[in-house]
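The values are calculated or read from the model by the stated rules, or taken from the named source; none is laboratory data. Quantities reported herein were computed from a predicted structural model and do not represent experimental measurements. In this analysis, Cβ positions are derived from the backbone assuming ideal geometry, glycine residues included, and neighbour counts consider all displayed protein chains. Ligands, DNA and RNA are excluded from the accessible area calculation, which covers all protein heavy atoms including side chains. Shrake-Rupley method; radii C 1.70, N 1.55, O 1.52, S 1.80 Å.
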Amino acid sequence: MKIELITPARGARVSLLTAMQRSFIDQAGQSESAGAQPIDFLNLNRSEGEDCSLGTGVVLAWRGTSGRCRVVLRCRAETWTFDGDAQTLTVRNLRAGERYDWSVCSDGQEADSWFETENTLPRFIHLDGDTNVRDLGGWPTATGRVRQGLIYRGSEFDRHMQLSPRGLDELLHRLRVRTDLDLREETQTPGLDTPAVQWVHQPLSAYANLSQPDQLRAYGAVFRTLLREELYPIYVHCWGGADRTGCLCYLLQALLGVREEHLLLDYEITSLSVWGKRSRTSEPFEQFMAVLDAYAPRSDAPQRRAERFWQAAGITPEEMNAFRRLMLEDA
């Protein structure tokens, strides 16, 4: 029997967002419930309800095979191979706005097709046992977009979350993470028990605390870590990937030229995880913005405000440009 690839249809554009994620993005900035909620990022409480921060998968389906078959999925220079005896396969953590070629081979026969993923952001990541994981990249800038697959942001792997063996396999072999950049000050041991990932421990604080001289030095140290190309891809996290990680990623994305509407959205997306609501109208976030006011007025572009902050943290214009060269690509 001839192999027939059914879904996605050849040349189809597929969504990487769940209905809940799409709804949240469409309503971004309208949250009111988070405004009065205090945030204690050293003692987070789990929220009730479903974790809606997990990346969704794309189902590949075909007919005409019996027994073992091989599925090959390609995107740019990356290739993944899956072996099994089913006629469906769910593939997760695909990149946004990319073309994927795929083929199925069995008993000497082969069929191939291709599809595209919608350029909808952020790129949510599914790591079994973890929450609030997404790609720092994908966001458009004035000159292109931030590269995907270099920096991932998310929750911790151990104390309050437990990355499963399946999640660890995805982290190592699909995302190919080489460095665990741990921003927590409440731990002194690696969150991953594997020699394949280097643990870099550089504690940070968040929000109003960024005005402290020791925090400027700490942020500067983290930035210089991010200039070490041999460490990439990097997974950066605190406890929930929400507050310390959120402030750091806002400052990094702003430096790269991500628009303000997307900076605010990426901060608030944490509300879909298990760590409670985050809002641009909350007192902690307003304190964060007030810290940046000391370096440049709010009438300035976020990129200018971030540049002035990083300059105060001891980062030179040459180092900022080096980070941009590493992280930016043409659209």
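Could you say which residue among LEU60, LEU54, LEU17, LEU73 is of a type in the set (A, V, I, L, M), farther than 16 Å from GLY149 by Cα, out of contact with any Lys or Arg (no Cβ under 8 Å at 6 or more places or on another chain) and open to solvent by 40 Å² or more (accessible area, probe 1.4 Å)? Break it down stepwise before answering.
On the way: LEU60 fails: open to solvent by 40 Å² or more (accessible area, probe 1.4 Å); LEU17 fails: open to solvent by 40 Å² or more (accessible area, probe 1.4 Å); LEU73 fails: open to solvent by 40 Å² or more (accessible area, probe 1.4 Å).
Answer to the check: LEU54.
Out of the residues in the stretch 20-39 meeting the condition of being open to solvent by 80 Å² or more (accessible area, probe 1.4 Å) and at pLDDT 80 or above, tell me which one is nearest to ALA208 (Cα to Cα). Quick ask: steps written out before the conclusion?
Within the stretch 20-39, the subset open to solvent by 80 Å² or more (accessible area, probe 1.4 Å) is 20, 22, 26-27, 30, 32, 36-38.
Narrowing further to those that are at pLDDT 80 or above: 20, 22, 26-27.
Details: MET20: 31, ARG22: 31, ASP26: 29, GLN27: 27 Å.
By that ranking, first place goes to GLN27.
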Output the residue which, of all residues in the stretch 98-121 that are of a type in the set (S, T, N, Q) and open to solvent by less than 50 Å² (accessible area, probe 1.4 Å), is nearest to the chain's Cα centre (by Cα). THR120
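Residue-wise test of (1) part of a helix (DSSP H, G or I); (2) within 14 Å of the chain's Cα centre (by Cα).
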{"residue": "TYR250", "(1), (2)": "yes, yes"}
{"residue": "GLY257", "(1), (2)": "no, no"}
{"residue": "GLU261", "(1), (2)": "yes, no"}
{"residue": "GLU268", "(1), (2)": "yes, yes"}
{"residue": "SER279", "(1), (2)": "no, no"}
{"residue": "PHE285", "(1), (2)": "yes, no"}
{"residue": "MET289", "(1), (2)": "yes, no"}
{"residue": "TRP310", "(1), (2)": "yes, no"}
Only one of (1) open to solvent by less than 40 Å² (accessible area, probe 1.4 Å); (2) assigned to a loop (DSSP other than H, G, I, E, B); (3) farther than 30 Å from THR187 by Cβ fails for MET1. Which number is that? (1)
For the condition at pLDDT 95 or above, surrounded by fewer than 23 Cβ atoms within 10 Å (Cβ to Cβ) and assigned to a loop (DSSP other than H, G, I, E, B), what is the one hit in HIS126, HIS160? HIS126
Of the residues in the stretch 252-289, those that are in contact with a Gly (Cβ under 6 Å, 6 or more places away or on another chain) and either of a type in the set (S, T, N, Q) or closer than 18 Å to ILE151 by Cα (or both) number 4
Can you name the number of the only condition in (1) touching a Cys at 6+ places or on another chain (Cβ under 6 Å); (2) within 21 Å of GLY55 (Cα to Cα) that LEU168 fails? (1)
How do the pairs read when you match residues in the stretch 309-331 that are under 20 Å from PRO233 (Cα atoms) with residues anywhere that are of a type in the set (Asp, Glu), using Cβ under 8 Å and keeping only pairs 6 or more apart or on different chains? MET320/GLU307; LEU326/GLU229
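Within the stretch 12-25, how many residues turn out to be farther than 13 Å from GLY97 by Cα and assigned to a loop (DSSP other than H, G, I, E, B)? Give the steps one after another, and end with the answer.
First, pick out the residues of the stretch 12-25 that are farther than 13 Å from GLY97 by Cα: 18-25.
Going one step further and asking which of them are assigned to a loop (DSSP other than H, G, I, E, B), we end up with 18.
Result for the stretch 12-25: 1.
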Within the bounds of the stretch 53-61, is there any residue that is in contact with an Asp or Glu (Cβ under 8 Å, 6 or more places away or on another chain) and in contact (Cβ under 8 Å) with a residue 12 or more places away in the chain? no
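Checking the conditions here, which among GLY276, GLY246 is open to solvent by less than 10 Å² (accessible area, probe 1.4 Å) and either free of Cβ contacts under 8 Å to residues at least 12 places away in the same chain or among the small types (Gly, Ala, Ser) (or both)?
Working: GLY276 fails: open to solvent by less than 10 Å² (accessible area, probe 1.4 Å).
Of the residues listed, the single one that is open to solvent by less than 10 Å² (accessible area, probe 1.4 Å) and either free of Cβ contacts under 8 Å to residues at least 12 places away in the same chain or among the small types (Gly, Ala, Ser) (or both) is GLY246.
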Could you tell me which residue of the stretch 182-218 is least open to solvent (accessible area, probe 1.4 Å), considering only residues that are out of contact with any Leu (no Cβ under 8 Å at 6 or more places or on another chain) and part of a strand (DSSP E or B)? ASP182
